[in-house]
Amino acid sequence: MKQPASEARQGGPDAAAASQPPSTVTSADSAKDQEPKGNRPSLGLRLDVRSLSLLGVLLALVVVGGITKPDQFLDTNNLQLILTQASIIGVVTVGMTFVITSGGIDLSVGAIVALASVWATTLATQEFGFIGILFTAMVVGLACGLVNGLLIAYGGMVPFIATLAMLASARGLALQITDGKTQIVTVNSVLDLGIPDSYVLGIPPLVLVFAAVTVVGWLVLNRTTFGRRTVAVGGNAEAARLAGIDVRRQRLYLYLLSGLCCGIAAFLLIVLAGSGQNTNGNLYELDAIAAAIIGGTLLSGGRGTIVGSVLGVLVFTTITNIFALNNLQSDVQQIAKGAIIVAAVLVQRRTLRNGEA
């Protein structure tokens, strides 16, 4: 007897495919073929043009920095500092790129980084050394991502509200744990990774972790069924569901992924700062969203690019560094970032109207 379509959907992609006649078989893996044109993982010429444009902007910023502060900006230690700072927000941005590609948003990433960093630097956790701190940071990040995912995927809450609630709760909990005090890390194996002349394979450890997360993120988004499902859900969630994709489960996994990236970023921040504070990760959500958008990830979902996001992070970090070297106030930096975000969104809207996205 023919299996009802609803039961087939609940049984997953294989059950859905089995219930359809051969001529109309749909499956999760075929979602890529059903996506609207332009919603596939962006590896084509258009993305390359965008990436090259961002690369041009980055090179222009290097020239500006070299002209305004030649002795300081082009110093090897300063360039290494830019890459190190970009590593922390870069890891968060990789997770954010997946969430935005699926049509969601995560406003809680900065607060999760703060909560994970202060929980991982409690005296009880430091007794277990390097592994204890790393493990705790990742578990806290995953736990927060799990709560976000359950509220959004199975609780029916819109991502904006759910992650905004997580932002407030995580910040409050981080403040309660620390009582407003800085928690100093005394584990030498962690502190040694953050010293300026620390290298692994000739590369600063934080940059190496960022590179690894970027490569894994690119492979997952562009070369796996999970990545194709993420793009399909962001492009058209209902079409993805009819194609056999468990949309709710996919969204849950995406927020778990975002939380895991926050946990890793929290550990990197602990290594760099040698402490945990409830103010860690302040405005990371703004930087991560902005980097993903100017990198070419559609805020409406359906298209994401890890390479573009990484270039976006480097552009923002370089701008911040140039502003700091020229003693510009932080409020000017935030105004500049806001203007860049508005410009990126306007460019996206114009691109969509012209049917180029």
Original post:
Of the listed peptides 52-62, 262-272, what is their order by residue-averaged count of other C-beta atoms within 10 Å, with the highest listed first?
Top reply: 262-272, 52-62
Original post:
Where a ≥ b ≥ c are the square roots of the eigenvalues of the C-alpha gyration tensor, would you call region 168-223 rounded, which needs a/c under 1.5, or, failing that, prolate if a/b is larger than b/c, or oblate?
Top reply: oblate
**OP:** Can you tell me the order of 70-81, 299-310, 327-338 when each peptide is scored by its average per-residue count of other Cβ atoms within 10 angstrom, highest first?
**Re:** 299-310, 70-81, 327-338
**OP:** Could you check how much of the accessible area of region 171-233 is carbon and sulfur, as a whole percent, using a 1.4 Å probe?
**Re:** 65 percent
Original post:
At residue 347 and residue 168, where each label point lies 7 Å from the Cα along Cα→Cβ, what is the point-to-point distance in nanometres?
Top reply: 3.5 nm
**OP:** Throw me the Rg/Rh for region 157-279, computed over C-alpha atoms with Kirkwood Rh, two decimals.
**Re:** 1.08
Subject >> Ranked packing of 98-104, 151-157, most packed first, by mean Cβ within 10 Å >> reply: 98-104, 151-157
Subject >> Using a Förster distance of 45 Å, the FRET efficiency for residue 154-residue 182 (Cβ separation, nearest 0.05) >> reply: 0.75
Subject >> Inter-part distance where region 126-202 and region 44-110 are each reduced to a Cα centre, Å >> reply: 23 Å
Subject >> Karplus-derived HN-Hα couplings along region 320-335 (A = 6.51, B = -1.76, C = 1.60, θ = phi - 60°), whole Hz, x at Gly and Pro >> reply: 4, 5, 5, 4, 5, 5, 9, 6, 7, 5, 5, 5, 5, 4, 5, 4
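The values are calculated or read from the model by the stated rules, or taken from the named source; none is laboratory data. Only a predicted model underlies this, so the values are computations on that prediction, with no experimental measurement involved. In this analysis, Cβ positions are derived from the backbone assuming ideal geometry, glycine residues included, and neighbour counts consider all displayed protein chains. Calculation scope for accessible area: heavy atoms of the full protein, side chains included, ligands and nucleic acids excluded. Shrake-Rupley method; radii C 1.70, N 1.55, O 1.52, S 1.80 Å.
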